[in-house]
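Take a look at the structure set out below.
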C-alpha cells in the first residue's frame, strides 16, 4: 500500500478552511489534509515536510496567492498545485496557469460542483501515486512545454535538467534561448543532447544575465530541428527500406518549417494567387481567417498605392504589443504573411522578412 497523500489547504477564510478540509477528507484515498491561513506559514509547512498537493486561494492579505505560487513553484517543482478561488478574473487565471498550476477552480456553488471538484482532486491524487516516465518538474508540462511557455511569455530563466548522473542547463533571456550546456557540450549540440534524454527532472532557476549568447536560432527552429534529428536517429520505420548506399541523409527542415528557423519568426503563411486554393501554414492555428485578412489587406493597400501613384504594392509591416507581422507579394506564388515576436524592432522585422521572403520565393 502506497504512502498516504498529504494535502495543504491555504485560505485566509477560516470557515472555508474547515469546510474544504472536511470535503477533502471524504475522498476515497483518505488523504491527510492540513490547513493554514497565511502564505508565509504555508511555505514554512512545505519546507518542514513533503506534501502531494497544495490547494490555495488567490486573494489573501500580506502575501497573496500569486506570490505564493511564484515562490512554491521554484522551491518545490514537483509539488502539484490547484487554485481554488472566488476570483472571476481571466488575468488571474492566465497568471496562475503561467505558474504551472494543475487546475484553476472557482469555489463550487452547488452540490454538483462540489462532487466534480472532489472527483478531480481524487483523480489527481491517484495519478500522483503512479510511477510516471519522462521529465518531471512543473506538473502537467513536459520539458518542451516549459521551454515554449518560458519563451512565449518572454521570460528570463535558467532551466536545470538532471537525469541520473547527467546534468544539463538551458539559458533563456527575454524569451530567447541563448545557450545550453552539458558536461561536454555547449550551444545547439547540448540543447539537442538534453532533449534526447528520455526522462529526468527539471527546475526553473533565476536568470543569469551575464551568460554569453551562443545560440542564435529561434526557439521554434531549435525544437523543430531537435525533433527531426531525434526522429532520424531512430532509423526508418519498420517495414520500410533503408536509404540506398551513398544516398544523402535527410537534410534540415524544408518548406515553411525551414522559414520558422529565422530568429524571431512566430508563424508563416503562404497564400496562393487563387482565392479558392488551399493555403499553407506553419505554427498558425487560424490559417484560413488570417489568409482572408491578408488578402483583404493586400487589396486595400494595393488600391491605396494606386491612388497615391506609389507604384505596385511590394509589402507592408505592422507592429503590435503582442506580435508584429509582415506581408509581401510575389507575382507567381501569391502572398507571404509572417508573424514576428514583439522583442524585434521594426528594422529587425523588415530585415528578417526580407530573408524569409527570399527563401520562400526561391
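The values are calculated or read from the model by the stated rules, or taken from the named source; none is laboratory data. Quantities reported herein were computed from a predicted structural model and do not represent experimental measurements. Here the Cβ is made from the backbone with ideal geometry for all residues, glycine too, and neighbour counts use every protein chain on show.
Summary table below
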read-out	value
Number of positions in region 90-127 that are under 27 Å from the mean Cα position of the chain (by Cα), over 21 Å from residue 7 (Cβ atoms) and surrounded by fewer than 13 Cβ atoms within 10 Å (Cβ to Cβ)	3
Qualifying residue in region 106-118 (condition: under 28 Å from residue 201 (Cα atoms) and either in a loop (DSSP other than H, G, I, E, B) or not assigned by TED's automatic domain parsing to the domain that holds residue 147 (or both))	no
Filtered residues of region 304-329 (kept if surrounded by fewer than 16 Cβ atoms within 10 Å (Cβ to Cβ) and more than 17 Å from residue 267 (Cα to Cα))	304, 305, 306, 307, 308, 309, 310, 311, 312, 314
Residue in region 3-14 that is more than 29 Å from the chain's Cα centre (by Cα), assigned to a helix (DSSP H, G or I) and either in the same structural domain as residue 85 (by TED's automatic domain parsing) or surrounded by fewer than 14 Cβ atoms within 10 Å (Cβ to Cβ) (or both) present	yes
Meets criteria (in contact with a helix residue (DSSP H, G or I) (Cβ under 9 Å, 6 or more places away or on another chain), surrounded by fewer than 15 Cβ atoms within 10 Å (Cβ to Cβ) and in the same structural domain as residue 107 (by TED's automatic domain parsing)) for residue 34	no
Pick from region 278-317, criterion outside any loop (DSSP other than H, G, I, E, B) and touching a helix residue (DSSP H, G or I) at 6+ places or on another chain (Cβ under 9 Å), ranking: nearest to residue 347 (Cα to Cα)	317
Selected residue [surrounded by 13 or more Cβ atoms within 10 Å (Cβ to Cβ), touching a residue at least 24 places away in the same chain (Cβ under 8 Å) and touching a helix residue (DSSP H, G or I) at 6+ places or on another chain (Cβ under 9 Å)] from 74, 59	59
Output for region 21-31, where each listed residue is touching a helix residue (DSSP H, G or I) at 6+ places or on another chain (Cβ under 9 Å) and either not assigned by TED's automatic domain parsing to the domain that holds residue 109 or not in a loop (DSSP other than H, G, I, E, B) (or both)	23, 24
Contacts under 8 angstrom Cβ, first residue in region 1-24 being more than 11 Å from residue 35 (Cβ to Cβ), partner part of a helix (DSSP H, G or I), 6 or more apart	5/125; 5/128; 23/114; 23/117; 23/118
Only one of 277, 302, 314, 288 that is under 30 Å from residue 216 (Cβ atoms) and outside the structural domain of residue 148 (by TED's automatic domain parsing)	314
Selection status of residue 332, assigned by TED's automatic domain parsing to the domain that holds residue 274, farther than 27 Å from residue 154 by Cα, exposed (fewer than 12 other Cβ atoms within 10 Å of the Cβ) and in contact (Cβ under 8 Å) with a residue 24 or more places away in the chain	yes
Residue match in region 215-238 (condition: modelled with pLDDT of 85 or more, closer than 25 Å to residue 185 by Cα and in contact with a strand residue (DSSP E or B) (Cβ under 6 Å, 6 or more places away or on another chain))	yes
The one condition in (1) in contact with a strand residue (DSSP E or B) (Cβ under 8 Å, 6 or more places away or on another chain); (2) farther than 22 Å from residue 120 by Cα; (3) outside any helix (DSSP H, G or I) that residue 63 fails to fulfil	(1)
